[in-house]
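Below is one structure; the comments refer to it alone.
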Amino acid sequence: MHGGGGLVTCKAGPESSLRPIYLRLHPLLLSVINVHPAPENTRGYLLVHTNGGLNQMRTGICDMVAIARMINATLVIPELDKKSFWHDNSDFSDIFDEKRFISSLADDIKIIKKLPKDLANETKMVRQFKSWSGMDYYQNEIATLWDYFKVIKASKSDSRLANNNLPPDIQKLRCRTCYEALRFSPRIEQMGKILVERMRSFGPYIALHLRYEKDMLAFSGCIHGLSTSEAEELRIIRESTSYWKRKHIDPNEERSKGFCPLTPKEVGIFLSALGYPRKTPIYIAAGEIYGGESHMTELLSRYPFLMSKEKLASIAELEPFSNHATQMAALDYIVSVESDVFVHSYPGNMARAVEGHRRFLGRGRTISPDRQVSLSHKKALVRLFDKLAIGSMVEGKKLSNIVNDLHKGRVGLLRKRKGHIPGTKGVDRFRSEETFYANPLPDCLCRTESPPTHHVKQKLFPS
């Protein structure tokens with residue numbers, strides 16, 4: 001059904017000024033087109049209930065497009081998650097350009113806005129597709145359901161498709177969907193462009209995805225640097241959120257293993273050690289920081305030029321988006337993809353999505369802090385921060401050299417996607433892989449040579 005790479009050809013992406021700014025392709029990165037048209041008749045309809053925040057839903061939708069192709073289904077515009085922590089009632093068309101989504105994928109799959117009325121009362125097969133599944137599962141198990149049902153509903157959309165070992169045309173379909181078809185709605189694009197232009201007026205800037213919101217800290221159980229009352233508030237939130245599986249978490253153990261997001265203070269130390277000067281403009285891509293200004297004091301003392309969408313835009317400009325967390329996250333996404341340097345404090349869904357998108361576009365550095373700790377890894381950031389705290393190390397040239405050496409290979413350059421960690425099995429094997437959307441290479445490129453690279457700190461932020 002889906003053969004080799006001969007079904008797919010490549011063409012240079014146009015540099016039209018009408019394209020969203022974050023989709024203008026680097027000359028070495030070529031977009032792909034499908035020359036194997038979708039079947040005229042599909043076998044049934046695929047309904048999708050997405051889950052999670054913006055980027056979890058977004059990558060899930062891309063996977064569901066590929067799955068619809070594999071099982072020869074007509075895809076009904078996915079239903080967005082309105083019951084997650086953020087309680088955002090946005091519909092698909094509020095966030096994405098629905099017309100573009102349908103038309104740009106017309107040669108790949110058939111997409112309709114709603115299930116036909118005559119099928120409204122049809123018995124639906126509701127399935128939670130297995131995580132990280134490949135072609136065999138979908139064609140030999142899921143597709144056989146068409147013999148009994150006209151409508152299949154996927155109850156979850158996240159991580160339902162394998163990262164690797166899929167036919168080239170399926171991988172390229174994921175690329176086309178993620179980076180060409182699934183664009184944000186025009187009003188989000190326009191507001192995002194305004195924010196980018198205002199940040200660029202200050203010069204080259206860093207976008208910092210500071211994952212220090214209430215939901216992240218409650219979910220992870222990470223309370224380093226928080227007060228007793230704050231820690232208790234987060235514990236109550238975690239234990240009362242039914243769809244979060246982990247309830248009893250040892251915060252010290254989590255942090256010691258490198259599983260916690262960096263605190264704002266730690267991010268400030270990290271950026272200073274990398275050599276970014278005090279005058280660097282930094283865009284904070286985040287929701288409401290837990291504890292507000294009280295937890296931002298030390299980062300602000302190091303980098304006083306901290307900006308956010310709330311500071312760059314007026315209340316009136318943000319009013320259409322302000323009560324919709326997913327739409328606000330989309331604005332942060334645009335500013336992050338367009339930044340000169342992107343840094344995150346935790347490798348969550350947005351961090352991975354932005355990293356992959358910037359790789360696809362050939363953007364500047366995407367710095368991933370090394371939080372992991374092992375017996376043989378004595379220089380990971382957590383241990384360095386602890387040494388600073390007890391006074392066994394001081395900030396200066398030695399710390400800077402260690403941090404820069406530690407991150408030479410963690411700057412988002414073009415390279416082949418990493419596979420699983422040797423020795424891992426089952427679900428852990430898939431979880432250990434680098435995700436497709438964090439690094440869509442080489443599947444999304446026709447040429448994989450890397451353009452000349454420079455040390456971004458020296459090039460963009462001279463002292």
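The values are calculated or read from the model by the stated rules, or taken from the named source; none is laboratory data. Please read these numbers as outputs of a predicted model, since none were measured by experiment. Ideal geometry is used to build each Cβ from the backbone, glycine not excepted, and the neighbour counts take in all protein chains shown. Just so you know, the surface numbers come from the protein's heavy atoms only, side chains and all, with ligands and any DNA or RNA stripped out. Shrake-Rupley method; radii C 1.70, N 1.55, O 1.52, S 1.80 Å.
On the stretch given as the range 227-239, residues that are buried (at least 16 other Cβ atoms within 10 Å of the Cβ) and among the hydroxyl-bearing types (Ser, Thr, Tyr) total 0. Of all the listed residues (Glu293, Glu317), the sole one being at pLDDT below 95 and not in a loop (DSSP other than H, G, I, E, B) is Glu293. A search for C-beta distances below 9 Å between a residue of the range 240-255 that is not assigned by the TED database to the domain that holds Leu217 and open to solvent by 80 Å² or more (accessible area, probe 1.4 Å) and any residue that is among the β-branched types (Val, Ile, Thr) and modelled with pLDDT of 90 or more, counting only pairs 6+ apart in sequence or on different chains, returns nothing.
To keep it simple, each residue is scored yes or no on (1) more than 14 Å from the chain's Cα centre (by Cα); (2) open to solvent by less than 60 Å² (accessible area, probe 1.4 Å).
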| position | (1), (2) |
| --- | --- |
| Phe305 | yes, no |
| Tyr333 | no, yes |
| Val343 | no, yes |
| Ala380 | yes, yes |
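Of the residues making up the range 140-152, just one is more than 11 Å from Gly44 (Cα to Cα) and under 28 Å from the mean Cα position of the chain (by Cα), namely Ile142.
Within the range 346-366, which residues are of a type in the set (Phe, Trp, Tyr) and either touching a strand residue (DSSP E or B) at 6+ places or on another chain (Cβ under 9 Å) or surrounded by fewer than 22 Cβ atoms within 10 Å (Cβ to Cβ) (or both)? Explain how you work it out, then say what you get.
Of all residues in the range 346-366, those of a type in the set (Phe, Trp, Tyr) come to 346, 360.
Result: Tyr346, single match.
Is there any pair linking a residue in the range 39-65 that is assigned to a helix (DSSP H, G or I) to one that is open to solvent by less than 10 Å² (accessible area, probe 1.4 Å) and of a type in the set (Ser, Thr, Tyr), with Cβ under 6 Å and at least six apart or on different chains, and which? Short answer, once both residue conditions are applied: Met57/Thr50; Gly60/Thr50; Gly60/Ser157; Cys62/Thr177; Met64/Ser157; Val65/Thr177. For the range 81-118, the candidate set comprises residues that are polar (S, T, N, Q) and modelled with pLDDT under 95; within that set, the residue that is farthest from Phe321 (Cα to Cα) is Ser84. Answer with yes or no whether Tyr179 is touching a helix residue (DSSP H, G or I) at 6+ places or on another chain (Cβ under 8 Å) and among the aromatic types (Phe, Trp, Tyr). It is true that Tyr179 is touching a helix residue (DSSP H, G or I) at 6+ places or on another chain (Cβ under 8 Å) and among the aromatic types (Phe, Trp, Tyr). Looking only at residues of the range 420-435 that are over 15 Å from Arg358 (Cβ atoms) and in a loop (DSSP other than H, G, I, E, B), we find that the one that is most open to solvent (accessible area, probe 1.4 Å) is Lys425.
Based on what the data block shows, is Met125 more than 22 Å from the chain's Cα centre (by Cα) and without any contact (Cβ under 8 Å) to a residue 60 or more places away in the chain? Judged against the criteria, Met125 is a match.
Within the range 164-177, identify whether any single residue is surrounded by fewer than 18 Cβ atoms within 10 Å (Cβ to Cβ), in a helix (DSSP H, G or I), outside the structural domain of Pro347 (by the TED database) and of a type in the set (D, E, K, R), and answer yes or no.
no
Looking only at the range 313-345, residues that are touching a strand residue (DSSP E or B) at 6+ places or on another chain (Cβ under 8 Å), farther than 18 Å from Gly53 by Cβ and of a type in the set (A, V, I, L, M) come to 2 in all. Apart from one condition, Leu226 fits all of (1) in contact (Cβ under 8 Å) with a residue 60 or more places away in the chain; (2) in a helix (DSSP H, G or I); the exception is (2). Taken over the range 329-379, the criterion of being closer than 25 Å to Asp63 by Cβ and at pLDDT below 90 is satisfied by Gly362, Arg363.
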